[in-house]
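These notes concern the structure reproduced below.
The values are calculated or read from the model by the stated rules, or taken from the named source; none is laboratory data. Just so it is clear, the model here is predicted, and its values are computed rather than measured. Here the Cβ positions follow ideal geometry from the backbone for every residue, glycine too, while neighbour counts run over all protein chains shown.
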Amino acid sequence: MAAMPKKEVSDKPEAFGRILDAATELFLEAGYESTGTSVIASRAKVSKRELYTHFGDKRAVLHAAITRLQEEIATEMRAEWSVEGDMSTVLLHAGATIHRHVSSRRFRQLFRIVAAESFHDPAMAKQFYKLGPGSGRIDTSRYLAKQMKANFLREEDPLRAADVFLDLIIGARTMTASALGISESAPAKKHIEQAVGLFLRCYAPEPAAKKRRGHA
């Protein structure tokens, strides 16, 4: 009996990932405008034809790079908000993770690219917000709503409370540094501790409802 031919394994998923990795690296190194599809294809070790098979154009590659980055951050943050334990500890850990991502070189560079390209591609800017700040705001509000229901925080609009928490953690200084592509000099740990402390004082439960802080 003749041997069955070996099934050919497609490397399309692998090629897709290599293209996305290469494009992300190049966008961070040289910027979006200075990065051509030929350079992306060369670094990814694929032909330009294969690149266009996976992505219609360079802007589609940028959309995919932004989506992947934001989804990675969102996945990590959902894990942070799902932790059972002392509320102040959860807020400190989550705040540190948020601050680390927003202060990272990769986020700063992509943020600047999105800001520069938003006039030409408003859909990309909306995507960046929806998958990043918008998603983070909702996840934060869900955690805070649980704490309010358990009387560990004063019961108010959870989305508004999430805005306050995120504004305190990220702050205008961090966002300005991200927009300008510079590093902050202030110690992040001290800033986060002060931000969480201020938030907890602001949303402290009413005296009659005070209990030992923790997770419901």
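Details
- Residue within region 119-135 that is under 18 Å from LYS189 (Cα atoms) and touching a residue at least 40 places away in the same chain (Cβ under 8 Å) present: no
- When residues of region 27-41 are limited to those that are hydroxyl-bearing (Ser, Thr, Tyr) and in contact (Cβ under 8 Å) with a residue 12 or more places away in the chain, the one farthest from GLU117 (Cα to Cα): THR37
- Residue within region 37-48 that is part of a helix (DSSP H, G or I) and modelled with pLDDT under 90 present: no
One line per residue, one yes/no per condition, for (1) in contact with a helix residue (DSSP H, G or I) (Cβ under 6 Å, 6 or more places away or on another chain); (2) surrounded by 18 or more Cβ atoms within 10 Å (Cβ to Cβ); (3) within 20 Å of ARG201 (Cα to Cα):
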position: ALA65; (1), (2), (3): yes, yes, no
position: ARG68; (1), (2), (3): no, no, no
position: GLU72; (1), (2), (3): no, no, no
position: THR75; (1), (2), (3): no, no, no
position: ALA79; (1), (2), (3): no, no, no
position: MET87; (1), (2), (3): yes, yes, yes
position: LEU91; (1), (2), (3): yes, yes, yes
position: ILE98; (1), (2), (3): yes, yes, no
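- Test for GLY197: is it modelled with pLDDT under 95 and either of a type in the set (D, E, K, R) or surrounded by 14 or more Cβ atoms within 10 Å (Cβ to Cβ) (or both): no
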